[in-house]
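The values are calculated or read from the model by the stated rules, or taken from the named source; none is laboratory data. What you are looking at is a predicted structure, and each value in this text was computed from that prediction instead of being measured. Quick reminder, even Gly has a Cβ in these numbers, built from the backbone with ideal geometry, and neighbours come from all protein chains shown.
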Amino acid sequence: MDAATRLDMHAAQDILHRLIHNIEQVILGKRTTIEQTVVALLCEGHVLIEDVPGVGKTMLARALACSLGCTFKRIQFTPDMLPSDVTGVSIFYQQTSEFRFREGPIFAHIVLADEINRASPKTQSSLLECMEERQVTVDGQTYPLPRPFLVLATQNPLEHEGVYPLPESQLDRFLLRLHVGYPERTWEKAMIQRQKYGHPIETIGAVVSQEELMQLQAFVRDVHVEDPVYDYLLEIVGRTRQDEQVYVGASPRGSLALAAAARAWATLRGRDYVLPDDVKAMAVPVLAHRMLIKPEARLGGLSAEQIVQDILHSVRVP
């Protein structure tokens, strides 16, 4: 992208305001969750939204997709789904005596992977190449996925029957793991009143073009990070690997993800440089799902989120 098409901070803030305001027409009282989802979009990362049924996981994904001038497809994961149902399949045409590739639903800019943990490990593994390398390989032939490309996956953590836990390698490919949570009473009342005659998802349209989105992503990559902030970030990640209650800490992919998320969060705050507060704001959603907690700590009620919070309190801020 040449310099003439690059955004300045004012233009970036205008686009972000339009996007977030549009999503807030559907998801009420969840500004932080919406902003975190937008962070993943700006970083070209993927999001795992994990929460109980009915709190708006799918609606958040749909509202984001509707707000963008991009293609959108939804995949409803089920136990009998095959990898080819996601990636596509080569079909033999008798008229031409040749195989042709028929694209699966993964070929879209925004893909909603609904109830992803209902699919078998074999089907879940078909997403690994898609999410990391932005491509699909079928029968030895590689097909690039469209850009931008974002997977928004949802899962219910309370279900135990008929679900398959996501493997660590797949969890590591999600930039963020988010929790929507129950709305406050005031917002829940407003939601009930607004949905009396219809759902607002049916009325919102695209407010950000594909070109504007790609310009935003380029803007975020140029956000400045000083060396002391990098050192602060690496100290946090390093302590996830040293903690006695952690079996496996965050990987180098986690360090890259935290740096990218901090740059995007700084952009949302109207800055073209990163502060330690930006790293702290994104540390839990970026790092917690990349850590394996020892069984004895987990049985004691300790969570990865709590360990990351403890680390943030113990690391000196530059």
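Side notes on the structure shown:
- Pick from the stretch 200-210, criterion loosely packed, with under 11 Cβ neighbours inside 10 Å and in contact (Cβ under 8 Å) with a residue 24 or more places away in the chain, ranking: farthest from residue 40 (Cα to Cα): 203
- Verdict on residue 142 being β-branched (Val, Ile, Thr) and in a helix (DSSP H, G or I): no
- Counting only helices (runs of 4 or more DSSP H) that sit completely within the stretch 156-266, those holding 1 or more residues that are farther than 24 Å from residue 29 by Cα correspond to 168-171, 210-221, 227-242.
- The numbered conditions (1) surrounded by fewer than 16 Cβ atoms within 10 Å (Cβ to Cβ); (2) out of contact with any Asp or Glu (no Cβ under 9 Å at 6 or more places or on another chain); (3) not basic (Lys, Arg) are all true for residue 127 except (1).
- Restricting attention to the stretch 117-139, the residues that are at pLDDT 85 or above, of a type in the set (D, E, K, R) and part of a loop (DSSP other than H, G, I, E, B) total 1.
- Residue 82 being in contact (Cβ under 8 Å) with a residue 60 or more places away in the chain and either β-branched (Val, Ile, Thr) or assigned by TED's automatic domain parsing to the domain that holds residue 203 (or both): no
- Filtered residues of the stretch 165-202 (kept if of a type outside the set (Val, Ile, Thr) and in contact with a Gly (Cβ under 7 Å, 6 or more places away or on another chain)): 175, 176, 183, 184, 187
- Taking the stretch 211-231 as the range and being within 28 Å of residue 304 (Cβ to Cβ) and surrounded by 19 or more Cβ atoms within 10 Å (Cβ to Cβ) as the test, the residues that pass are 220, 223, 229.
- Tally of residues being part of a loop (DSSP other than H, G, I, E, B), surrounded by fewer than 21 Cβ atoms within 10 Å (Cβ to Cβ) and not small (Gly, Ala, Ser) across the stretch 71-98: 9
- For the stretch 158-197, the candidate set comprises residues that are in contact with an Asp or Glu (Cβ under 7 Å, 6 or more places away or on another chain) and closer than 30 Å to residue 135 by Cβ; within that set, the residue that is modelled with the highest pLDDT is 177.
- Search result, residues across the stretch 256-311 that are under 14 Å from residue 246 (Cβ atoms) and crowded, with 19+ Cβ neighbours inside 10 Å: 287, 288, 289, 290, 291, 293, 304, 307, 308, 311
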